[in-house]
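Accompanying notes for the structure given below.
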Amino acid sequence: AADQRLITVSAAQHVVNQAETRKLASLKERVEQAIDADRLLHQYRSQLLIDITSEGLRIQIVDKENRPMFAQGSPVLQSYTREILHEIVKVIKTVPNKISISGHTDRTPYAAANGYSNWELSSDRANAARRMLEDASLDPTRIVEVRGYADTRLRNPKEPNAPENRRISIFLPFSDVKARVDSLAVN
């Protein structure tokens, strides 16, 4: 009976994983189509990176040389970054997934007299993005996590001070249904 239950849970996991992957792939496609269709977003296409990881859909907004998302050394969003986030909300509102937001810096040391560092800066930038998403009418209860990683997860580790290391990640993990089915295999 235990073997039969394990096969059933395994089959359920497989079905749910496939459904979740299809749903997030569809969302990824809608985000990409929205970017291509929107004149404003299209001009920032090279700064918008969208992929599906083992945990869910990740939308990254990265700095580009001469086009940073934030004022230098500050959590203040540039006007075009606010517009990008506003447009992204329109698409992510179409799915019920929870959202986590993380901020990342490059390796350039940021040390103020008061001890403010890349840790605070990355956290403050993630929170600035969170506030903007909420201002753009995203339900605040969907946001479950805001993190600052400083320079601990570089996008380009070969060039630790490269602009693309400075980024905001908006992560839509697989839904609660997948988590509940996966938990059955543990119990």
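When segment 150-187 is limited to residues that are in a loop (DSSP other than H, G, I, E, B) and within 18 Å of Ser54 (Cβ to Cβ), the one that is modelled with the lowest pLDDT turns out to be Ser175. For segment 15-37, residues that are touching a helix residue (DSSP H, G or I) at 6+ places or on another chain (Cβ under 6 Å) and open to solvent by less than 50 Å² (accessible area, probe 1.4 Å) total 5.
Within segment 34-48, can one find any residue that is part of a strand (DSSP E or B), in contact (Cβ under 8 Å) with a residue 12 or more places away in the chain and not polar (S, T, N, Q)? Yes, some residue in segment 34-48 is part of a strand (DSSP E or B), in contact (Cβ under 8 Å) with a residue 12 or more places away in the chain and not polar (S, T, N, Q).
State which residue is surrounded by the most Cβ atoms within 10 Å (Cβ to Cβ) when the search covers only segment 112-132 and only residues that are assigned to a loop (DSSP other than H, G, I, E, B) and of a type in the set (S, T, N, Q).
Within segment 112-132, the match that is surrounded by the most Cβ atoms within 10 Å (Cβ to Cβ) is Ser117.
For segment 69-111, the set of residues classified as open to solvent by less than 40 Å² (accessible area, probe 1.4 Å), more than 21 Å from Val144 (Cα to Cα) and part of a loop (DSSP other than H, G, I, E, B) consists of Met69, Ala71, Gly73, Ser74, Thr105, Asp106, listed by residue number. Cβ-Cβ contacts under 6 Å between residues 6 or more apart (or on different chains), taken from a first residue in segment 151-172 that is in contact (Cβ under 8 Å) with a residue 12 or more places away in the chain to a second residue that is surrounded by fewer than 18 Cβ atoms within 10 Å (Cβ to Cβ) and not in a loop (DSSP other than H, G, I, E, B), are listed as Pro163/Lys64. Of the residues making up segment 137-146, one or more are assigned to a loop (DSSP other than H, G, I, E, B), at pLDDT 95 or above and surrounded by 14 or more Cβ atoms within 10 Å (Cβ to Cβ).
Scanning segment 129-150 turns up one or more residues that are touching a residue at least 40 places away in the same chain (Cβ under 8 Å), among the polar types (S, T, N, Q) and within 30 Å of Ser26 (Cα to Cα). Residues of segment 17-25 include at least one that is modelled with pLDDT under 85, over 15 Å from the mean Cα position of the chain (by Cα) and β-branched (Val, Ile, Thr).
The values are calculated or read from the model by the stated rules, or taken from the named source; none is laboratory data. Being a predicted model, the structure only gives us computed values, none of them experimental. Methodologically, a virtual Cβ is constructed for each residue, glycine included, from the backbone with ideal geometry; neighbour enumeration extends over all protein chains shown. Heavy atoms of the whole protein, side chains included, go into the accessibility calculation; ligands, DNA and RNA do not. Shrake-Rupley method; radii C 1.70, N 1.55, O 1.52, S 1.80 Å.
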